[in-house]
Amino acid sequence: MSGAQAAHEVAGPRPGDAGYWPAVPRRRKISNFAFWSACAIALALVVAPTVWLVVGIVARAVPNFHWSVLWTRTNQLSGGLLQPILGTITITVGAMVIGGAISVLTGLYLTEFASGRPRGILRGAYEVLAGIPSIVLGFVGYIALCVDLKLGFGLLPAVLVISVLTIPYITKSTETSLAQVPSGYREGAEALGIPTSWAMRKIVLKAALPGMITGFLVAAAIAVGETAPLLYTASFSDQSPSLTHVTHQGVPYLTYVVWGFNPNQVQSNAANILSYDAALVLMAFVLVLILLGRTVAAFARRNTE
Amino acid sequence: MTSSTAPIAGPDGAADLPLPRRAGSAIRAAVRRGEILRWLGGVGAVIPLLALLFILAVLAVEAVPAIRLDGLGFFTKSVWQLGGGYNAQIVTTDGVKHLSGDSFGAVPEIAGTLITSAIALIVGVPISIGAALAIVERLPRRLANAVGVFLELLAGIPSVIIGLWGALTFGPFIAHHITPVIARNMPDVPVLNYFRGAPGYGEGLLTSGLILAIMIIPIVAATSRDLIRQVPILPREGAIALGMSDAQTARKVTLPWVSSGIIGAVVLGLARALGETIAVAMVCGVALTAVPGNIYAATTTISATIVTQLDSAFTDGSGFAVRAIGELALVLMVITLVVNVAARWLVRRVSGTALPVGRGV
């Protein structure tokens with residue numbers, strides 16, 4: 001436009017002539033600039049708090065961080081983080097197994113078999129499940145599993161509650177990635193006379209696998225970071241998680257250490273240091289899981305293109 | 001085994017075989033046709049629905065006695081307190097056992113939930129949409145991808161860590177450096193006088209609202225960005241050809257094109273803000289008995305009350321305090337479900353593309 005404007009300034013065509021092009025009024029330029037500046041400020045306001053948050057946590061955690069906390073046992077309010085780390089991993093893996101199995105079956109059924117009204121209802125159910133506040137899940141888990149079914153605080157109720165929490169994420173990614181498998185794959189398998197189940201396993205699921213893995217990793221990142229549903233189902237203890245005592249024995253996990261050992265909760269220097277250490281370990285877990293998920297997704301995209 | 005001489009069992013010849021082999025071949029055939037998979041999948045797919053109904057049923061059963069006893073007072077009283085003192089006794093009113101002298105009014109909880117979420121939307125939504133526009137229309141592709149990773153990481157940061165930062169770094173910072181200045185200089189006129197008065201200690205409505213804004217930004221910004229990317233180029237080129245500036249095109253063509261989707265994303269963010277627990281519990285100050293007088297005062301939300309008060313509710317021998325918390329949970333669940341279903345309905349009806357689930361990752 002600047003060329004046209006320059007032409008106007010050299011007294012080219014006058015208003016009414018063919019090829020007349022009016023200059024851009026200064027008001028428009030200013031309002032345009034103001035709008036995009038506001039957008040740039042908004043972008044900065046998205047990025048800045050995240051940087052502040054990460055830097056703030058890391059800056060407080062690192063000066064007192066020793067690698068030994070990773071393998072030292074927690075002892076009351078001091079020591080290391082061994083049991084909480086094991087507990088977080090156990091709960092997450094358990095949720096991936098139970099929630100993952102249900103989610104993959106659900107996603108498979110919704111894309112391959114269901115249709116019409118049942119599909120709408122079943123899909124609506126898991127999407128609505130995603131909207132339930134996690135504390136409500138925790139409360140229901142406590143009332144139904146720990147009290148009514150007399151399981152007490154333990155690994156089993158914790159894993160069940162976290163499974164319900166992860167179902168929407170894994171199901172969604174399974175459904176999306178199955179829907180993206182080209183229909184030519186299915187038709188080709190059918191034309192070759194490959195039985196449905198074999199085609200499903202060897203061709204359709206295989207093509208959808210990277211997307212599903214990404215979903216699993218994202219769900220794991222969310223499971224690792226949950227606190228509210230675990231407080232009243234896993235409770236806490238300094239026992240290591242045990243696969244033979246899944247009820248009536250509290251399970252330690254990292255988010256509890258951040259929540260319960262921080263300077264606003266307890267006046268103990270050792271505990272406060274542990275709280276920040278746990279936050280650091282949690283962030284590392286989440287970072288690794290999300291970046292791994294992106295890598296798998298990028299790898300799969302390169303392979304298909 | 002004289003399999004070499006036995007007739008080959010065709011689809012109809014299975015009747016000649018002994019029962020175990022007939023059963024085996026039937027199962028094999030079912031597996032081949034995918035019927036087992038279909039059946040298993042059906043069982044799996046019903047579980048989320050059953051879980052949803054189970055959650056609703058458990059909450060309803062737990063809350064019914066509390067609903068009967070509290071009645072409308074639950075929504076008009078603002079005192080949340082267990083039965084008072086050492087001489088509290090278990091009494092029975094209307095067939096419901098509870099402690100004498102207890103009172104469960106949820107006005108501060110409900111008001112706190114709604115006000116903190118409103119602050120989160122007022123602050124977070126313009127920032128998210130502006131950032132999404134800047135990412136799509138202004139940033140080079142490579143940088144836009146980097147910001148995308150950034151948003152995904154922000155969405156993945158555990159809320160307890162955001163709460164830790166909010167309670168020990170962010171809250172004290174704004175209480176020392178920002179809120180005193182605003183509180184002193186705000187004119188004493190309606191609406192703005194909520195910004196006057198005691199600047200607080202960094203735990204309260206404003207901090208909770210801002211923390212929630214940080215938590216909904218990834219959902220709203222990432223969804224808006226994806227929606228804005230889908231706007232076709234032709235209408236935008238048409239707008240430019242008609243002499244609109246970039247900013248006018250963005251405001252009058254691009255954003256209206258996807259407005260229903262953005263509204264859906266905002267409502268999804270609202271659902272997240274309403275239900276967020278741990279981060280808010282760490283920065284709200286948990287004030288159970290009064291609606292805050294200004295924007296810096298300590299407050300509470302439904303979820304923060306549940307998570308911080310369930311422990312002491314166990315001490316109520318009549319079990320009524322836990323039922324009252326069940327009623328709170330039911331109220332929260334109904335609010336968030338209505339918001340969620342409305343968002344999905346809105347987006348499906350208008351644009352045909354579905355919203356992301358949960359945190360939008």
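The values are calculated or read from the model by the stated rules, or taken from the named source; none is laboratory data. All values reported here derive from a predicted model rather than from experimental measurement. A quick note on method: Cβ atoms are made from the backbone with ideal geometry, for glycine too, and the neighbour counts reach across all protein chains shown.
Of all positions in the range A:233-252, at least one carries a residue that is of a type outside the set (A, V, I, L, M), more than 14 Å from chain B (Cβ to nearest Cβ) and touching a strand residue (DSSP E or B) at 6+ places or on another chain (Cβ under 6 Å). Residue-level check: of (1) exposed (fewer than 15 other Cβ atoms within 10 Å of the Cβ); (2) over 24 Å from the mean Cα position of the chain (by Cα); (3) under 16 Å from B:Ile162 (Cα atoms), A:Leu243 misses just (3).
So that you can scan it fast, the table gives a plain yes or no per residue for (1) within 22 Å of A:Leu82 (Cα to Cα); (2) crowded, with 24+ Cβ neighbours inside 10 Å:
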position	(1), (2)
A:Ala207	no, no
A:Phe236	yes, no
A:Gln239	yes, no
A:Leu274	yes, yes
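Could you check, for the range B:200-216, whether at least one of its residues is aromatic (Phe, Trp, Tyr), over 17 Å from the mean Cα position of the chain (by Cα) and over 21 Å from B:Val291 (Cβ atoms)? Looking for residues that are aromatic (Phe, Trp, Tyr), over 17 Å from the mean Cα position of the chain (by Cα) and over 21 Å from B:Val291 (Cβ atoms), one finds none in the range B:200-216, hence no. Could you go through the range B:136-151 and let me know if any residue there is more than 9 Å from chain A (Cβ to nearest Cβ), under 27 Å from A:Phe285 (Cα atoms) and either under 24 Å from the mean Cα position of the chain (by Cα) or of a type in the set (Lys, Arg) (or both). Checked against the condition, which is being more than 9 Å from chain A (Cβ to nearest Cβ), under 27 Å from A:Phe285 (Cα atoms) and either under 24 Å from the mean Cα position of the chain (by Cα) or of a type in the set (Lys, Arg) (or both), the range B:136-151 yields at least one hit.
Only a single criterion out of (1) within 16 Å of A:Tyr276 (Cα to Cα); (2) away from chain B (no Cβ under 11 Å); (3) more than 20 Å from the chain's Cα centre (by Cα) is not satisfied by A:Ala61, namely (2). As for the range B:171-181, it holds no residue that is buried (at least 18 other Cβ atoms within 10 Å of the Cβ), within 7 Å of chain A (Cβ to nearest Cβ) and modelled with pLDDT of 90 or more. Out of the residues in the range A:127-150 meeting the condition of being among the charged types (D, E, K, R) and more than 7 Å from every other protein chain (Cβ to nearest Cβ), tell me which one is farthest from B:Val334 (Cα to Cα). Across the range A:127-150, the extreme among qualifying residues is A:Lys150. In the range A:258-281, the qualifying residues are those that are in contact with a strand residue (DSSP E or B) (Cβ under 8 Å, 6 or more places away or on another chain) and part of a helix (DSSP H, G or I), and the one that is farthest from A:Ser78 (Cα to Cα) is A:Leu274. For the range A:128-173, the candidate set comprises residues that are within 22 Å of the chain's Cα centre (by Cα) and not in a helix (DSSP H, G or I); within that set, the residue that is surrounded by the fewest Cβ atoms within 10 Å (Cβ to Cβ) is A:Gly131. Each residue in the range B:75-105 was checked for being within 25 Å of the chain's Cα centre (by Cα) and either surrounded by 21 or more Cβ atoms within 10 Å (Cβ to Cβ) or farther than 25 Å from B:Thr300 by Cβ (or both), and 2 of them qualify. Of all positions in the range B:341-355, at least one carries a residue that is closer than 29 Å to B:Thr207 by Cβ, at pLDDT below 80 and not polar (S, T, N, Q). Return the only residue of B:Leu346, B:Leu328, B:Leu310, B:Leu332 being crowded, with 23+ Cβ neighbours inside 10 Å and more than 15 Å from the chain's Cα centre (by Cα). So the residue among B:Leu346, B:Leu328, B:Leu310, B:Leu332 that is crowded, with 23+ Cβ neighbours inside 10 Å and more than 15 Å from the chain's Cα centre (by Cα) is B:Leu328.
Inspect the range A:106-119 for any residue being touching a helix residue (DSSP H, G or I) at 6+ places or on another chain (Cβ under 7 Å) and more than 10 Å from chain B (Cβ to nearest Cβ) and give the result as yes or no. Taking every residue of the range A:106-119 in turn, none turns out to be touching a helix residue (DSSP H, G or I) at 6+ places or on another chain (Cβ under 7 Å) and more than 10 Å from chain B (Cβ to nearest Cβ). Taking the range A:181-215 as the range and being within 21 Å of the chain's Cα centre (by Cα) and away from chain B (no Cβ under 11 Å) as the test, the residues that pass are A:Ala208, A:Leu209, A:Pro210, A:Gly211, A:Met212, A:Ile213. In the range A:175-192, the residues that are free of Cβ contacts under 8 Å to residues at least 12 places away in the same chain and assigned to a helix (DSSP H, G or I) never reach a residue that is of a type outside the set (Asp, Glu) and exposed (fewer than 13 other Cβ atoms within 10 Å of the Cβ) with C-beta atoms less than 6 angstrom apart, at least six apart or across chains. The requirement of being buried (at least 21 other Cβ atoms within 10 Å of the Cβ), in a helix (DSSP H, G or I) and within 13 Å of chain B (Cβ to nearest Cβ) is not satisfied by A:Ser31.
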